[in-house]
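Accompanying notes for the structure given below.
We did not get these values from a lab; they are worked out from the coordinates using the rules stated. All figures in this text were calculated on a predicted structure; none of them were measured in a lab. Methodologically, a virtual Cβ is constructed for each residue, glycine included, from the backbone with ideal geometry; neighbour enumeration extends over all protein chains shown.
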Amino acid sequence: MATARVGASGASASASAAEAVSEWRVRLPEKPFKDLKYFGNLKAKVIDAGICSRCLTCAAVCPAPEGITAVDGVVFENWEEKCLDCGACVRVCPRFEYEPKSGLGEYLEILAARSKRFSGQDGAMVTEILASAIEMGIIDRAIFVGRDEAWRTTNFHLREIEQLSLKTLRGTKYCYSTALSELREAVLRSKGVGVIGTPCMVSGVKKLREEFPLFREKVKISVGLFCTENFHWEELHAFLKEKGVSFEKLVKTDITKGQFIATMTDGEVTFPVSELEEIIPSGCRVCTDFAAVDADVSVGSVGSAPGFSTVVVRSALVKEIIDYIRRNKYADFGDVMLKVVNKMVKLKKKREANIKK
Ligand SMILES: Cc1cc2nc3c(=O)[nH]c(=O)nc-3n(C[C@H](O)[C@H](O)[C@H](O)COP(=O)(O)OP(=O)(O)OC[C@H]3O[C@@H](n4cnc5c(N)ncnc54)[C@H](O)[C@@H]3O)c2cc1C
């Protein structure tokens, strides 16, 4: 066990955040490549090995000025020189010592629900849970994933429920989010933070909480989305354009019953999702976690009637939020078809065949 003292500065941190310094006792992992710095080890074992999920948990903790960023994938320019060799990145990377997750995970309650206050991808329960958490005073910030005109993901730090009138915050964007690269700034500036992510991202959040007290204390809710796979924006954008999708007119993208559906203001483009097989990123091909088992609450569309979200409540705090939603009649509730969820869980587990032992 060694003690590392690391300044919490970074490209996206605020001036006051830049002054903050955290100190932690660390168990520095073994370097498989002894002559390389820790980022070099992450690069060799995860990024270059093609198993990086691009969750960007590493970017949440890298203390080097202009360190790990998320420009176009995971980037650390001149890491040989600039990496501080503190080991923070490999401590939180969910793929460095990869233990693939699967199953439905542990839960307190599983339900189908539809928000009466908000509209979203399915039952808008992701939005409802985080909005209720703000209303209850549990969090004062939630990092939502929005989008630009070309449907590139953007990050939005929601501080007040009224900000949810921004339509671009709603719904699923089938490309990688960089939300975790802003989580450090969020925890330094807030009392309580909510974050939304795909299974790999919430596994990263779990590691952050295990390794760093600051994240343990401040990240109150991690919402995991059910996920089969995600895509690189460049590749998906080019593919959809080829299919005739006009991004100026695009209002919703969805994958349902094996079909990718792009809904535009003047029509729809639909095609079998299997056509996207070629552009499934290598990091997703080794992922076996459909249900985001490391989240405090997982939300998806399968298992519920159209217009409802399937909600898997895993933490006592989220249970309190669901009870609050019930008491206030903020949502309609229904039944979950567990068989359907389990079918997807099993299907995704088959990807373990792609993991090199
Ligand atoms: C890449 C991807 C694949 C998915 N695959 C499946 C699947 O196979 N089966 C299934 O049942 N469900 C899947 N989902 C989840 C589903 O599409 C809905 O997001 C979920 O049902 C929540 O719906 P809602 O109406 O409750 O959410 P909303 O209330 O509409 O909120 C959804 C929130 O998710 C966040 N978000 C959007 N895109 C991203 C992103 N790329 N990364 C991180 N956060 C994001 C936004 O902040 C948004 O506010 C997937 C989601 C993603 C992002």
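Residue-wise, which Karplus ³J(HN,Hα) couplings in Hz belong to the range 312-327, taking 6.51 cos²θ - 1.76 cosθ + 1.60, θ = phi - 60°, and x for glycine or proline?
In residue order, the calculated couplings are 10, 8, 10, 10, 4, 5, 5, 4, 4, 5, 4, 4, 4, 4, 4, 4 Hz.
Under 10 Å from the Cβ of ASP289, count the other residues' Cβ atoms, weight Lys and Arg +1, Asp and Glu -1, and hand me the total.
Result for the neighbourhood of ASP289: +3.
Name the residue farthest towards the positive end of the dipole of the range 219-328 from the options MET264, GLY303, PHE231, assuming +1 on Cβ of Lys and Arg, -1 on Cβ of Asp and Glu, about the Cα centre.
So the residue we want is GLY303.
Can you run phi through the Karplus equation (6.51, -1.76, 1.60; θ = phi - 60°) for the range 280-291 and list ³J(HN,Hα) in whole Hz, with x for Gly and Pro?
Per-residue couplings from phi come out as 5, x, 4, x, 7, 5, 9, 9, 10, 9, 7, 8 Hz.
About its Cα centre, how strong a charge dipole does the range 146-231 have in debye, to the nearest 20, once Lys and Arg get +1 and Asp and Glu get -1 at the Cβ?
Rounded to the nearest 20 debye, it is 180 debye.
Would you list which aspartates and glutamates come within 14 Å of LYS349, measuring only between C-alpha atoms, while excluding same-chain residues fewer than 8 positions from it?
GLU99, GLU229, ASP289
What Cys residues in the chain are without a partner cysteine, judged by a Cβ distance under 4.7 Å?
CYS52, CYS62, CYS83, CYS86, CYS93, CYS175, CYS227, CYS284, CYS287
Which one, GLY50, GLY123, ILE143, is farthest towards the positive end of the dipole of the chain when Lys and Arg carry +1 and Asp and Glu -1 on their Cβ?
So the residue furthest toward the plus end is GLY123.
Applying the Karplus parametrisation 6.51 cos²θ - 1.76 cosθ + 1.60 with θ = phi - 60° to the phi angles of the range 254-267, what ³J(HN,Hα) value in whole Hz is obtained for each residue in order, glycine and proline being reported as x?
The phi angles translate into 8, 10, 9, 6, x, 10, 8, 10, 9, 9, 10, 4, 10, x Hz.
So if we plug the beta-carbon distance of LYS241 and GLU77 into 1/(1 + (r/R0)^6) with R0 = 45 Å, what FRET efficiency do we get, rounded to 0.05?
After rounding to 0.05, the efficiency reads 0.90.
Run the numbers on the chain and let me know its relative contact order in percent, using alpha-carbon pairs under 8 Å that are six or more apart.
21 percent
Could you give the length gained by full extension between MET264 and LYS34, i.e. 0.36 nm per residue of separation minus their alpha carbon distance, to one decimal place?
Full extension of this stretch gives 77.5 nm more.
Taking the Cα centre as origin and putting +1 on Lys and Arg beta-carbons and -1 on Asp and Glu beta-carbons, what dipole magnitude results for the chain, to the nearest 20 debye?
In total the dipole reaches around 940 debye.
Calculate the spin-label point distance for ASP323 paired with GLU248, positioning each point 7 Å from the Cα along the beta-carbon direction, and give it in nanometres.
5.2 nm
Can you tell me which of 341-353, 229-241, 183-195, 135-147 comes out highest on packing, and rank the rest after it, using the mean Cβ neighbours within 10 Å?
The peptides rank, most packed first, as 183-195, 135-147, 229-241, 341-353.
Out of residues 5 or more away from GLY120 or on other chains, whose amide H comes under 5 Å of its own, with H placed 1.01 Å from N in the peptide plane?
none
Could you work out the local net charge near ARG147, counting Lys and Arg as +1, Asp and Glu as -1, over the other residues with Cβ closer than 12 Å to its Cβ?
The answer is +3.
If amide hydrogens are placed 1.01 Å from N in the peptide plane, which non-local residues have theirs closer than 5 Å to the one on ILE51?
Result for ILE51 returns nothing.
Name the residues whose placed amide hydrogens come within less than 5 Å of the amide hydrogen of GLU66, ignoring near sequence neighbours (fewer than 5 apart) on the same chain.
For GLU66, whose amide H was placed from the backbone, the distant partners under 5 Å are ALA11.
So for the pair ARG216, ASP335, with labels modelled 7 Å out along Cα→Cβ, what separation do we get in nm?
With each label placed 7 Å out from Cα toward Cβ, I get 4.2 nm.
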